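Have a look at the structure below, then the notes.
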Amino acid sequence: MVDASEERYHCRQVLYTFQIIIIIHEKMNTIRILKPLVLVIILLAAFWGCGTMPSHWQKLLAITLDGKDDEWRDVPNTADSTVGAVSSIAGFYDSTYLYLLARGSGLDKSTDWFLDTDDNYFSGYITGGGADVLLENGRAFIYSGSGTDWVWTKIDDAHVFEGTGSTVVETAVAYADLGFNPSEILPNIAFGSGFTHYLPGPASPVKLVSPLSGGASEYPDFSIIPNALGMAIDDVGWLDWEGGNSRDALPSDYKTIIDVGKNLGIRIMTAFIMLDFDKTNLSAGPAYNSPEASSNMSKFGTRFDNPHKNNAQLDEIMGMYREAAAYIELGVHGVGHEHWGGSKTNYDSGTPDDPTDDYSRAEFAHIQPFPDIYHSEPWGTEDNRLKLSCWEEILRLYFTEEECSFPKSMVPPGHAWYYGSDGKGSDESTGSVAGSFGIKYLNCDMDVSFAIMGGVEPTGLVDNGVLVMHRASGADYYAEGETAGTGTNNQFEYPAYPGSSYSWIEAHFPNYWNSEGIWTEYLTEVNNAHDRMLAKNTAQVASQWLYRHDAQISGSGGTFTIDTRAMRNEAYHYGLLSVLVLKTPLFGKHIRRASIDGGAQITAYWEDNYDYGYLMIGHEKAPMGRLPKGVYTLRAEYGEETMESFINLTESTFNVYSYSYTADSASLALELYGTQDISIKLPFFPGHVESQSPGISVNNWAYDDGFLSINATGLDIQGETGKITIAK
Ligand SMILES: [Zn+2]
């Protein structure tokens with residue numbers, strides 16, 4: 001209980017003993033009838049100065065720490081899930097206390113709150129997403145370990161109160177006792193119960209959604225840069241599947257990926273193995289194999305004769321990438337996935353002349369076999385270059401350079417990547433080669449090859465122009481039927497989602513076979529948090545990562561300051577940065593007006609199934625719509641209608657770099673993937689729609705009910721940039 005002798009806590013004790021009073025914004029029309037006693041306490045609290053009570057707060061809410069959640073209905077969830085012991089977490093704060101709520105079942109064993117109070121992943125318990133404070137069974141601890149060990153120091157005089165029921169845990173902590181202030185930095189929160197059930201993941205906190213941070217009914221809350229999660233599927237392109245799979249891959253399995261992308265309005269990254277698509281055995285060429293090269297392209301070297309070279313499915317599958325580039329991205333995995341030849345043999349059958357011998361992990365760098373994999377060694381930049389050249393030469397059997405430029409996206413097989421002799425991406429790193437081919441975005445479990453970074457895996461870094469982003473294993477095994485719901489070796493507990501240290505969700509090709517429904521459902525719910533969004537494409541994952549790490553956003557009351565002055569120079573130099581996406585709860589309304597200064601623009605807007613609205617922000621004059629270094633002011637307000645004119649990205653996967661309109665014309669610059677509809681709310685009846693770029697063709701258009709729908713095709717399936725103009 002509270003020490004009543006301390007004047008500082010005197011009024012707290014009154015509040016705690018009877019009822020803790022907090023006030024949130026009016027949202028509904030119901031007026032809560034206050035009991036006279038409660039009113040007295042409010043007056044006492046105000047008299048003693050124990051609670052800041054802004055005059056615009058219109059509704060009183062009484063919280064009793066009784067293990068019941070009936071007072072919490074107007075507090076938005078920070079995270080929730082439909083399966084598992086912990087179903088939701090929420091929180092808010094007043095001038096002294098941070099209040100936390102967890103709902104679920106069987107929550108009465110042991111309870112842990114993890115709080116990342118400085119919003120810094122790299123401080124505190126880094127293994128647990130940077131948690132600085134642990135609240136365990138009503139006691140408070142500060143992290144005192146070195147980042148990866150479980151070392152916490154109890155704060156004996158901290159004021160922590162807990163009300164625990166089997167379905168609800170309510171906690172209040174006097175945050176000054178623990179050295180943080182949520183009104184300055186909103187903490188990231190995570191909850192665990194019984195040591196096995198966590199939300200959103202095993203101690204990977206997400207940003208608190210607070211009704212006091214501007215997210216209630218009056219103003220939109222764009223004060224968070226949401227973490228964009230992309231979907232990446234490995235080992236696509238292999239035709240033969242063994243082990244737990246009863247059949248080989250079929251064109252219909254590619255269609256499943258495309259259908260999931262279409263259902264969600266996203267472009268799924270596939271990491272492609274090329275060897276089975278080598279119709280002319282060019283990977284058997286002497287330049288690609290020993291003795292001319294230092295290793296072999298496949299286990300058969302110059303003797304390779306592709307058993308699939310006459311398979312009609314090869315053209316059919318590449319045709320699907322051509323037709324459905326809006327929803328599926330052709331990215332690089334490797335030619336043959338492993339590394340044959342060279343001196344570092346991991347696998348030796350012991351049988352003389354066995355062609356599987358002298359085979360090691362993996363194609364682009366050498367790693368020791370599991371579990372000792374936290375170290376990679378180089379095959380050499382020339383070896384890396386030959387692999388990517390061969391990959392591209394096979395690609396050219398199907399696409400010209402105009403139809404498919406070298407992919408921008410890659411997953412290294414085995415997550416094996418050489419990061420230079422200095423561990424800092426020096427010139428001999430794999431990134432120096434991949435970057436020269438045009439790779440910009442790499443996603444992998446960085447724990448495998450990047451743990452060299454002082455023993456701690458980073459969440460991302462730039463290696464010679466390649467932005468390396470961290471990925472969470474979600475459905476990590478290789479068999480059909482193992483999906484987001486049933487996969488093993490996961491780094492986040494289904495149905496929760498990866499925390500903010502991750503940018504990608506991982507699957508392997510068979511995890512998608514016949515699993516359109518569960519993946520659609522699982523990925524839809526990524527959007528069900530203010531701090532998190534389902535990425536529409538790879539460029540968006542990368543941009544959001546850069547803005548989250550290098551930009552600052554603050555504000556409330558509908559006015560926000562976006563500061564990009566600390567953006568790393570590499571983001572501009574290597575063309576890694578593009579448009580920014582921000583997200584707000586809508587409370588049943590829409591964004592009616594939004595504007596931004598400094599030459600930036602609102603380039604698109606969309607809403608999701610969870611009552612969130614998204615603004616895409618670009619800069620008219622900057623490459624890829626990226627925000628130049630500077631300080632921008634964003635203003636936005638709610639209304640019953642949407643904005644007068646905007647590009648609606650709900651079902652689309654392209655990026656809009658700029659958008660402007662007048663009473664009789666409009667124009668947009670975009671990066672378009674494949675063939676898809678461009679939906680624009682227009683304030684006039686259009687008479688002409690034209691592409692100003694040879695790579696983008698307007699197939700047809702129609703105007704209905706205030707919306708223009710343009711069906712357009714980008715020639716380069718890796719993304720075509722251009723401009724479309726609309727006139728009366
Ligand atoms: Zn793989």
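Each reported figure results from applying straightforward, stated rules to the coordinates on display, with no laboratory input. Here the structure is a predicted model, which means the values were calculated and not measured. Virtual Cβ from ideal backbone geometry, glycine too; neighbours counted across all protein chains shown.
Numerical summary
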{"item": "For HIS375, HIS530, order by how many other beta-carbon atoms lie within 10 Å, fewest first", "result": "HIS375, HIS530"}
{"item": "Packing rank of 428-435, 596-603, 227-234, where each peptide gets the mean count of other beta carbons within 10 Å, highest leading", "result": "227-234, 428-435, 596-603"}
{"item": "Part-to-part distance (alpha-carbon centres) for segment 238-280 and segment 385-445, which is given in Å", "result": "20 Å"}
{"item": "Residue-by-residue Karplus 3J(HN,Hα) for segment 313-321, coefficients 6.51, -1.76, 1.60, Hz, glycine and proline x", "result": "5, 4, 5, 4, 5, 5, x, 5, 4"}
{"item": "Full-stretch length increase - ASN700, ARG396 - with 0.36 nm per residue and alpha-carbon distance subtracted", "result": "106.4 nm"}
{"item": "Inter-label distance for LEU586 and ARG385, nm, one decimal - labels placed 7 Å from Cα along Cα-to-Cβ", "result": "5.2 nm"}
{"item": "Zone of ASP119's modelled label, taken as backbone nitrogen in segment 522-543 under 19 Å from a point 7 Å along Cα→Cβ", "result": "529-533, 543"}
{"item": "Extension gain, ALA176 back to ASN514 (0.36 nm per residue minus Cα-Cα distance, nm)", "result": "116.4 nm"}
{"item": "Inter-label distance, nm, simple model (7 Å from Cα along the C-beta direction), ASP66/ASP240", "result": "6.8 nm"}
{"item": "Gained length - LYS424 relative to HIS375, 0.36 nm times residue gap less alpha-carbon distance", "result": "16.3 nm"}
{"item": "Counted charge near PHE114, where neighbours are those whose Cβ lies closer than 12 Å (Asp, Glu -1; Lys, Arg +1)", "result": "-4"}
{"item": "Neighbour-count ranking [beta-carbon atoms within 10 angstrom, fewest first] of ARG103, ARG322", "result": "ARG322, ARG103"}
{"item": "Theoretical FRET efficiency, 1/(1+(r/R0)^6), r = Cβ-Cβ of THR167 and SER95, R0 35 Å, to 0.05", "result": "0.75"}
{"item": "SER660 long-range amide H proximity, modeled H, under 5 Å", "result": "SER667"}
{"item": "Pairwise FRET efficiency - ALA312 versus SER554, Cβ, R0 = 51 Å, nearest 0.05", "result": "0.35"}
